[in-house]
Amino acid sequence: MSDQTSPTLSVLGRLVDGVRESTRATTVFGAPVSYGGTTVVPVARVGFISAVGGGVSRAAMLGGDGAGGVGLTRARPSGFIVLDGEGAAFRPIRQPASKLALPLAAITAVAVTRIVTVSVREARRRKKLEARRLEEDAED
């Protein structure tokens, strides 16, 4: 078995490394900004996931190689660091929408349950009324 890396796999490896290097807070949200004696440095949560696969044919007649892959990069603001004469302080950026997702889902579930319960009860009530009317019509 050969220790030599396939050219295709080598290119994919460099591609993944390049994407990883380019997904920094400065790339996504900009460079630090200075004004007066204060500097503001953006901070981001950056995630990178990739799946890469490839292979080389061992058969001398086939003599080919191939590879493929997929990647996902996600960057979200986390906050910023303020550097001034008094020191450094991290200021988080709050994202209230993400904190509302669970309570809103619970409220929606309760509302949907209530609507379905009332609808089923009303359908049963109408069915009973219709049955009574049919019985009364049959008696007359």
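Taken together, the values in this text are just the output of simple stated rules run on the coordinates, not laboratory data. Every value quoted in this text rests on a predicted model; they were computed, and no experiment measured them. Please note: Cβ atoms are built from the backbone with ideal geometry, for glycine as well, and neighbour counts cover all protein chains shown.
Some observations on this one:
- For the range 118-123, putting each phi into the Karplus relation 6.51 cos²θ - 1.76 cosθ + 1.60 with θ = phi - 60° gives couplings of 5, 5, 5, 4, 5, 5 Hz, in residue order, rounded to whole numbers and with x for Gly and Pro.
- Net charge over other residues, Cβ less than 12 angstrom from the Cβ of R132 (K, R count +1; D, E count -1): 0
- The range 96-140: radius of gyration and largest Cα-Cα distance (Dmax), Å: 19.6, 65
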